[in-house]
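Engineer: Take this structure, written in structure tokens, and hold onto it; I'll ask about it next.
The values are calculated or read from the model by the stated rules, or taken from the named source; none is laboratory data. This structure is a prediction, so every number in the text was calculated from the model and none was measured. Every residue, glycine among them, receives a Cβ derived from its backbone with ideal geometry; neighbour counts consider all protein chains shown.
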There are 2 protein chains.
Amino acid sequence: MDTKDSCVAVIFTSTRTDSNVEDYAIMAARMDELVRLQPGYLEHVSVRDPVTREGITVAYFTDEESVAAWRAVSEHTLAQQLGRSTFYSQYAVQVSHVLRSYRFP
Amino acid sequence: MDTKDSCVAVIFTSTRTDSNVEDYAIMAARMDELVRLQPGYLEHVSVRDPVTREGITVAYFTDEESVAAWRAVSEHTLAQQLGRSTFYSQYAVQVSHVLRSYRFP
């Protein structure tokens, strides 16, 4: 995130269930691959604590239309359904507009 | 984040150095305690991967003025200085305005 002020940040916080480890890894890798192809995609960062199973992913897009398009991608829609049925015990999403940013170093 | 649309989300992504484990734990616990006392503070979530040492913290405030006030709290300013000198090899901050949110279940 160097010169990406005024972009849209999608904040995804989740708790993994303790099952379906391999299926989840496959799905997560596929989404990681797919989102990069999305028009308007800028970057994403993702961290999960293996002990608490809590994770935070932040994905950056140029604009809200790109976020809406990504949300509607059919493979991603299926992943969201699997997320609710199988992979996550809870999650929350916030779509936010980046006002300013700074970094070190 | 239930009914907190229109709040401000501060996204903090960082990479820990591999030193000062105890000092960092003390500082992090103190900041965790202190931010909750900040006027306008709503909630925060924080995850770090112990292997990659990458972490993401998202803190939610009612408005930008509360974020600016928290940034200027003297103990927090000192923690930021220690972050640059000692605790983090790199970090980035984005201040963003939450446009909409949803959650499961």
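Engineer: In the stretch B:63-105, what count of residues is obtained for those that are of a type in the set (Gly, Ala, Ser) and farther than 24 Å from A:Ser6 by Cα? Give the steps one after another, and end with the answer.
Structural biologist: So the first thing to find is which residues in the stretch B:63-105 are of a type in the set (Gly, Ala, Ser), and the list is B:66, B:68-69, B:72, B:74, B:79, B:83, B:85, B:89, B:92, B:96, B:101.
Subset that is farther than 24 Å from A:Ser6 by Cα: B:74, B:79, B:83, B:85, B:89.
The number of residues fulfilling the criteria is 5.
Engineer: Can you find even one residue in the stretch A:30-40 that is in contact (Cβ under 8 Å) with a residue 12 or more places away in the chain, touching a strand residue (DSSP E or B) at 6+ places or on another chain (Cβ under 7 Å) and at the interface with chain B (Cβ under 8 Å from one of its Cβ atoms)?
Structural biologist: Looking for residues that are in contact (Cβ under 8 Å) with a residue 12 or more places away in the chain, touching a strand residue (DSSP E or B) at 6+ places or on another chain (Cβ under 7 Å) and at the interface with chain B (Cβ under 8 Å from one of its Cβ atoms), one finds none in the stretch A:30-40, hence no.
Engineer: Here's something else I'd like to know. Taking the condition small (Gly, Ala, Ser), more than 8 Å from chain A (Cβ to nearest Cβ) and over 11 Å from the mean Cα position of the chain (by Cα), does B:Ala59 pass?
Structural biologist: For B:Ala59, the condition - small (Gly, Ala, Ser), more than 8 Å from chain A (Cβ to nearest Cβ) and over 11 Å from the mean Cα position of the chain (by Cα) - is not met.
Engineer: Answer yes or no: is there a residue in the stretch A:34-45 that is among the charged types (D, E, K, R) and modelled with pLDDT of 95 or more.
Structural biologist: Yes; the residues of the stretch A:34-45 include at least one that is among the charged types (D, E, K, R) and modelled with pLDDT of 95 or more.
Engineer: Quick check on the stretch A:70-104: of everything there that is facing chain B (nearest Cβ under 7 Å) and without any contact (Cβ under 8 Å) to a residue 40 or more places away in the chain, which residue is farthest from the chain's Cα centre (by Cα)?
Structural biologist: The extreme case among them is A:Phe104.
Engineer: So B:Glu65 passes all but one of these: (1) within 8 Å of chain A (Cβ to nearest Cβ); (2) within 23 Å of A:Ala9 (Cα to Cα). Which condition number does it fail?
Structural biologist: (1)
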